[in-house]
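J.: I'd like to ask some things about the structure below.
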Amino acid sequence: MRVARVHGGLWLLGLLALLIPGSVAFAQEGGEEAALFAALGAFMMVFLFFFVAIYVYMALALSTIAKKTNTDNAWWAWVPIINILLMLNVARKPIWWIVLCFIPFVNIVIFIIMWMAIAEARGKPNWWGILMIVPVVNLIVPGYLAWAD
């Protein structure tokens, strides 16, 4: 148990060492510059926390959707880029559509079409996929499609 806490603290210490330059961390003078870097480091930590939380939520939702639609390889939801292949499998769209997902502006239309098909695969109205373009609602839609009966 104690070893797990030590290793858990080491990754945080390593991350902080990357965020704070050595000259600032060991500085005896320059309080304004040190405060600026400390505020920047705090902002980055908060941003990182929210990014990881949203990534875990989306991966859990996509994994649950894949399991409920009996799609193979639900663990693909946790791997970047490959999770797009999982979405294509759940939506029953051709695999070559992944190329379209990397073309600017075309990808917006393709992802909406994919989410519409995912909603239909879950037995929900396809307009739930259109809601993915609404900024805050796009965080609710995957959870609804995953955990609503």
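The values are calculated or read from the model by the stated rules, or taken from the named source; none is laboratory data. Keep in mind it's a predicted model, so treat the numbers as computed, not measured. Virtual Cβ from ideal backbone geometry, glycine too; neighbours counted across all protein chains shown.
J.: Give the residues of segment 27-80 that are surrounded by fewer than 13 Cβ atoms within 10 Å (Cβ to Cβ) and among the small types (Gly, Ala, Ser), sorted by residue number.
T.: Matches in segment 27-80: Gly30, Gly31, Ala35, Ala39, Ala42, Ala53.
J.: Okay, next question. Test Leu88 against the stated conditions and say whether it is in a helix (DSSP H, G or I), modelled with pLDDT of 95 or more and surrounded by 14 or more Cβ atoms within 10 Å (Cβ to Cβ).
T.: yes
J.: Just a yes or no: is a residue in segment 93-113 within 23 Å of Val56 (Cβ to Cβ), of a type in the set (A, V, I, L, M, F, W, C), modelled with pLDDT of 95 or more and touching a Pro at 6+ places or on another chain (Cβ under 8 Å)?
T.: no
J.: Quickly run through segment 92-149 and pick out the residues that are buried (at least 18 other Cβ atoms within 10 Å of the Cβ), under 15 Å from Thr64 (Cβ atoms) and small (Gly, Ala, Ser).
T.: Selection gives Ala119, Ala121, Ala146.
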